[in-house]
Amino acid sequence: MHFLTVTKMRKFLITNLLLFFPVITQALILKWVDENDRCIYRIDTQKKILEKETKADTWQVVGNIGLLNIDEREMLQSNKPICLFSSNKNLRYLLIDCTNQVYTFNFKTMSLERIDKTYYRGYNCESVRFIRKDTLYSSGGYGCFRTNNLLTYFQNETKEWDSFVFSNDAPKSIFKGLNGYLEKSDLFISGLNYHYSDSENQGKVITDFGMYEYSFRTGKWNKLGTIRNTLLKKISSDTNRSFHWNGQYFVIRIYEDTFNKIYIIDPLKNEIFEWKDKKRLFDSGIPHLVKEHEKEHIIGDSLYSYKAVITKNPNYIAKHVFSLEQLKKEGKFVGKVYESSNINYWILSGIIATIIASVFFYVRKSKSKKETPLLSDKLDESEKMLLNVLIGHHNEQGVDTEQINTLLQINNKTIENQRKVRHDFIKALTQKLALIYGIEEPIEKIPSSIDKRIFNYKLNDNLYKKLGNKTNIST
């Protein structure tokens, strides 16, 4: 009797698997908001076509596409990739959440291609993605039962992600807060994040009411102040909150019985504005008619919102466009984002900068010979040796990997271990030199004249001049 029951159960499971098999193998639909073209695109990987939304829920075929290095089994069933833009106007980066996978779509060649070689995934769900100087960045996120505060970037050479090492401690978590990259100031703003870990605080969510900024120029975090605004504190109690970011403002919409409200948050000017929807232009909820749409999205200065309009026959969807600057102008100022520390940060920074500049000028003036500032205190023996070699070979084709392997005494290791040790060593030296001299890329990678797939290493010309053509960096 038991055997018959098990047999029937197996047949039932097999039958159901066969029924669901078409669903498992169905095509993926990748849909993204395109800031450059001010529209929404979607790709059907089975039909291999690109479509453009001309009006709400109406799609027009743009053309056929090609798929390169695409394995649909590796892609999540998500139709909302994060879209980022490079200096190449024909190229779009499409990042699939939680996976570290990087795809590009090229409008010129009409091709979708996976360009990363990453394996690890799952730690950076809902992280903040942005492009800085044509490099992809990912900050924070959730995964492995905890939030994180990592800042990672995509290496075009290795096609993998690597992490930044900060000069000081970052906020404990970067997740679901006021997080965005300010291109003009080259700063990453972060505040009102919440921290969660199954191994800490009995699994309770803790909100960080600090407001911070990370400077790519200095490689340091700075606390701007503390968020005491009652409005933001109320919003922070909702763990499902989501802030839009357009590069200048954070925008959030609040659903209320009286009037829906839009809050525009300017982190640079430390201001919050409130706009009330007295004309009831927005829907109060997410109606069934628009469940397949992005309810709202921001492109540049404009807020796009869909609204279900109820008519006798048929119902239809209207799309409204609002200027954030106009909403801010019509709204009212409701307070500061954060309260600054007792000592004004900018004044203190100015005083410190003046003192440092004065000391530096005095030291340089008091010495008759050019010397590497604080070099002996900053670099270890191996780093000084490589720096001497780089200086000595500056006017040649740079230093190749074999020379570096010999210097580091790693010739007997596997090729993969050599690559890792070499990469970590050069990365650490690069960061130190960048901090000492204020040069963003002190060590450059140049293609070998023998094999363009192989790179040699060479000092930045400006750094070479600063070192005074020395070939004996002292210990």
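The values are calculated or read from the model by the stated rules, or taken from the named source; none is laboratory data. Everything numeric here is computed off the predicted structure, so don't read it as measured data. Note that we place each Cβ from the backbone using ideal geometry, even for glycine, and neighbour counts take in every protein chain shown.
Consider Lys80 carefully, then state whether it is closer than 26 Å to Gly300 by Cα, surrounded by fewer than 19 Cβ atoms within 10 Å (Cβ to Cβ), assigned by TED's automatic domain parsing to the domain that holds Ala170 and under 18 Å from the mean Cα position of the chain (by Cα). Working first, answer last.
Numbers: closer than 26 Å to Gly300 by Cα: yes; surrounded by fewer than 19 Cβ atoms within 10 Å (Cβ to Cβ): yes; assigned by TED's automatic domain parsing to the domain that holds Ala170: yes; under 18 Å from the mean Cα position of the chain (by Cα): yes.
Considered against the rule, which asks whether it is closer than 26 Å to Gly300 by Cα, surrounded by fewer than 19 Cβ atoms within 10 Å (Cβ to Cβ), assigned by TED's automatic domain parsing to the domain that holds Ala170 and under 18 Å from the mean Cα position of the chain (by Cα), Lys80 comes out as yes.
Checked against (1) part of a helix (DSSP H, G or I); (2) buried (at least 16 other Cβ atoms within 10 Å of the Cβ), Asn462 passes all but a single condition, namely (2).
Would you check if there is a residue in the stretch 127-144 being of a type in the set (Phe, Trp, Tyr), within 15 Å of the chain's Cα centre (by Cα), closer than 29 Å to Gly203 by Cβ and buried (at least 18 other Cβ atoms within 10 Å of the Cβ)? Walk me through it before giving the result.
Step one: list which residues in the stretch 127-144 are of a type in the set (Phe, Trp, Tyr), which gives 130, 137, 142.
When the remaining residues are screened for being within 15 Å of the chain's Cα centre (by Cα), the result is 130, 137, 142.
Remaining after also requiring closer than 29 Å to Gly203 by Cβ: 142.
With the extra rule that they be buried (at least 18 other Cβ atoms within 10 Å of the Cβ), the set shrinks to 142.
Within the stretch 127-144 (the criterion being of a type in the set (Phe, Trp, Tyr), within 15 Å of the chain's Cα centre (by Cα), closer than 29 Å to Gly203 by Cβ and buried (at least 18 other Cβ atoms within 10 Å of the Cβ)), the answer is yes, since at least one residue qualifies.
In the stretch 408-428, the residues that are assigned by TED's automatic domain parsing to the domain that holds Asn456 and exposed (fewer than 11 other Cβ atoms within 10 Å of the Cβ) form no Cβ pair under 9 Å with any partner that is of a type in the set (Gly, Ala, Ser) and at pLDDT 85 or above, whether six or more places apart or across chains. Going by the conditions given, is Phe216 touching a Pro at 6+ places or on another chain (Cβ under 9 Å), surrounded by 14 or more Cβ atoms within 10 Å (Cβ to Cβ) and not small (Gly, Ala, Ser)? So Phe216 does not fit the description; no. Lys117 meets each of the listed conditions (1) among the charged types (D, E, K, R); (2) modelled with pLDDT of 85 or more; (3) under 30 Å from Ala318 (Cβ atoms) apart from (3).
Annotation: Thr54 fulfils all but one of (1) modelled with pLDDT of 95 or more; (2) out of contact with any Gly (no Cβ under 9 Å at 6 or more places or on another chain); (3) closer than 23 Å to Phe85 by Cβ; the unmet one is (1).
Every condition in (1) modelled with pLDDT under 80; (2) in contact with an Asp or Glu (Cβ under 7 Å, 6 or more places away or on another chain); (3) not in a strand (DSSP E or B) is met by Glu325 except one, and the failing one is (1). Only one of these is over 25 Å from Tyr304 (Cβ atoms), surrounded by 18 or more Cβ atoms within 10 Å (Cβ to Cβ), assigned by TED's automatic domain parsing to the domain that holds Asn148 and touching a residue at least 24 places away in the same chain (Cβ under 8 Å): Arg92, Arg114. Name it. Unique residue meeting the criteria: Arg114. Checking Ser199, Ser190 one by one, the residue that is surrounded by fewer than 19 Cβ atoms within 10 Å (Cβ to Cβ), small (Gly, Ala, Ser) and out of contact with any helix residue (DSSP H, G or I) (no Cβ under 9 Å at 6 or more places or on another chain) is Ser199 and no other. The listed residues are Ile189, Ile235, and the only one of them that is hydrophobic (A, V, I, L, M, F, W, C) and not in a helix (DSSP H, G or I) turns out to be Ile189.
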